[in-house]
Amino acid sequence: MKKLLKTMVIAVVLTTIATGCNKASNGENGDKTVVTLYSTVTNEADKTTLQNVVEKFEKENPDIDIKENYPADGYEGMLRVKMAANDMPDLFDTHGWALHRYGEYVEDLKDMDWVKDLDPALNQILIDGTGKVYAYPLNQAKDGLTYNATLLEEYGITPPSTFDEFMSALETIKDKGKGEVTPLWFAGSDKSAFGQYFDQFSTPLLITGEKNFQKELLDGTFDWSHYTYLPEKLKEMQDKGLLNEDVLTAQNHQMVDLMAQNKIAFIVGGGMLGPSVEELNPDVKLGIIPMPVIEEGDEPSWIGGERHTLAVWKDSKVKEEAKKFLEFISQPEIVKEIAEGTSLPAGLTNTESKNYYSDSYETYKDIKVEPYFDRVYLPSGMWDPMGATGQELLSGTMTPEEVSKKMAEEYKRLLEQK
């Protein structure tokens, strides 16, 4: 009898656990519906901004619990595992890959009210030829070159609009800085710093000029000798002393301090640097410019598109609640709060926001935004060799021609895998 009773108790417990698991997997948490949210946000200001918005939503919707996750460097690997298992978060950041990587996993959002306010600059990034809308943009990226406006004004340098002007500016900064200022600074212990250089400058080199290689890059016939200009120029910068001496060991966390001390003139990208520098030294002012052109007659361009987004998983059991959150954050006052809190332009046009770089963005408001080069023209996996070859180039283990050869090999290998 005791044995039978013990068996029945175990069965009841197991049933209860199973029921609880099913309840959790269906998005329920007691009396609340759980909506999981995964984001690539890493810096504290951005995270605080998103958390504050979530709190406001939960206060207005006490029956919904948004469970946030910020896996940082582990995000991409984690989402790949979830894609393979078809077990995606209810809301997730597509971090530049809305169409090309996550497209088959996302709900079409074209019927949501906020779509009419989507910034047209994001159309080619978030909407396909059929009109499917892949994700909601929390903000948008407009990457270019971040520069120390205080230093450039002191040295009488106009922000460059061509690559030749850029090189000339770097040499002027080296001469006038007398060894105290790094003309172009890289946190090169992280290979992605060089990936950023190659990726952003590939657009004016290979895409936007009259002589461009869009077709060849997309159909797999691209001749990588056309890429050699970029490693040649990077090596030339090193040979001329235009880069930081510790270019291969410098770390990201040093960037803010050095810029605040007026020891850096230019950084590739770095669009979120301003507020942190201002906090340390309000006398140092930064600006941001679009990418200088390489081919004569070309127009400068921003590099970007989506920065942080939220897509809804098409198989989510709580799609309505997930969409309710998107409706909430698409209100003008929340759009403004997110844009200003993350120091980036809003993804919607239903409000006006001010951030650190607003004046720069206003100056170049008519400049076209081109999508990140690797996200459109390269097979997935090219970011790693793009950055690694930069490290090998500057360490002297590769020539510019060998960099292009390595890129060609990886491009072919990854295309065949695809």
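The values are calculated or read from the model by the stated rules, or taken from the named source; none is laboratory data. In this text the structure is predicted, and so the values were computed from the model without any measurement. All Cβ positions, glycine included, derive from the backbone under ideal geometry; neighbour counts span all protein chains shown. These accessible areas exclude ligands, DNA and RNA; they are computed on the full protein's heavy atoms, side chains included. Shrake-Rupley method; radii C 1.70, N 1.55, O 1.52, S 1.80 Å.
Just one residue in the set GLU232, GLU245, GLU320 is acidic (Asp, Glu), at pLDDT 95 or above, open to solvent by 60 Å² or more (accessible area, probe 1.4 Å) and under 29 Å from PHE92 (Cα atoms); that residue is GLU320. Taking first residues from the stretch 168-194 that are within 13 Å of GLU154 (Cβ to Cβ) and partners that are open to solvent by 10 Å² or more (accessible area, probe 1.4 Å) and part of a helix (DSSP H, G or I), the Cβ contacts under 9 Å between residues at least 6 apart in sequence or on separate chains come to LYS176/GLU154; VAL181/LYS174.
Being over 30 Å from ALA98 (Cβ atoms), touching a Phe, Trp or Tyr at 6+ places or on another chain (Cβ under 8 Å) and assigned to a strand (DSSP E or B), is that true of even one residue in the stretch 148-157? Yes; the residues of the stretch 148-157 include at least one that is over 30 Å from ALA98 (Cβ atoms), touching a Phe, Trp or Tyr at 6+ places or on another chain (Cβ under 8 Å) and assigned to a strand (DSSP E or B).
Being closer than 18 Å to LYS116 by Cβ and modelled with pLDDT of 90 or more is the filter; apply it to the stretch 347-370 and report the residue that is most open to solvent (accessible area, probe 1.4 Å). Restricting to residues being closer than 18 Å to LYS116 by Cβ and modelled with pLDDT of 90 or more, the top hit is THR349. How many residues does the stretch 227-243 contain that are over 20 Å from PHE373 (Cβ atoms) and within 25 Å of the chain's Cα centre (by Cα)? Summing the residues that are over 20 Å from PHE373 (Cβ atoms) and within 25 Å of the chain's Cα centre (by Cα) in the stretch 227-243 gives 1. Does the stretch 356-376 contain at least one residue that is assigned to a loop (DSSP other than H, G, I, E, B) and small (Gly, Ala, Ser)? Checked against the condition, which is being assigned to a loop (DSSP other than H, G, I, E, B) and small (Gly, Ala, Ser), the stretch 356-376 yields no hits at all. Just so you know, in the stretch 136-165 the residues that are out of contact with any helix residue (DSSP H, G or I) (no Cβ under 6 Å at 6 or more places or on another chain) and hydrophobic (A, V, I, L, M, F, W, C) include one that is modelled with the lowest pLDDT, and it is ALA141. In a residue-by-residue description of the stretch 289-306, the property of being open to solvent by 10 Å² or more (accessible area, probe 1.4 Å), of a type in the set (Val, Ile, Thr) and in contact with a helix residue (DSSP H, G or I) (Cβ under 6 Å, 6 or more places away or on another chain) applies to at least one position. Give just the number: which of (1) open to solvent by 10 Å² or more (accessible area, probe 1.4 Å); (2) assigned to a loop (DSSP other than H, G, I, E, B) does LEU109 not satisfy? The one condition LEU109 does not meet is (1).
One residue stands out among those in the stretch 129-147 that are among the hydroxyl-bearing types (Ser, Thr, Tyr) and farther than 19 Å from LYS314 by Cα: the one that is most open to solvent (accessible area, probe 1.4 Å), which is TYR147. Taking the residues in the stretch 383-418 that are closer than 17 Å to LEU248 by Cβ, touching a Leu at 6+ places or on another chain (Cβ under 8 Å) and of a type in the set (Ser, Thr, Tyr) as candidates, determine which candidate is surrounded by the fewest Cβ atoms within 10 Å (Cβ to Cβ). Checking each candidate, the answer is SER395. Being among the small types (Gly, Ala, Ser) and either at pLDDT below 95 or open to solvent by less than 20 Å² (accessible area, probe 1.4 Å) (or both) is a description that applies to GLY195.
If the condition is being open to solvent by 30 Å² or more (accessible area, probe 1.4 Å) and modelled with pLDDT of 85 or more, then the stretch 92-106 contributes LEU99, ARG101, GLU104, TYR105. Here LYS314 meets each of (1) surrounded by fewer than 18 Cβ atoms within 10 Å (Cβ to Cβ); (2) under 22 Å from the mean Cα position of the chain (by Cα) with one exception, condition (2). The requirement of being surrounded by fewer than 14 Cβ atoms within 10 Å (Cβ to Cβ) and out of contact with any Pro (no Cβ under 8 Å at 6 or more places or on another chain) is not satisfied by PRO89.
Only one of these conditions is not met by SER168: (1) in a helix (DSSP H, G or I); (2) touching a helix residue (DSSP H, G or I) at 6+ places or on another chain (Cβ under 9 Å); (3) among the small types (Gly, Ala, Ser); (4) surrounded by fewer than 22 Cβ atoms within 10 Å (Cβ to Cβ). Which number is it? Of everything listed in (1) in a helix (DSSP H, G or I); (2) touching a helix residue (DSSP H, G or I) at 6+ places or on another chain (Cβ under 9 Å); (3) among the small types (Gly, Ala, Ser); (4) surrounded by fewer than 22 Cβ atoms within 10 Å (Cβ to Cβ), SER168 misses just condition (2).
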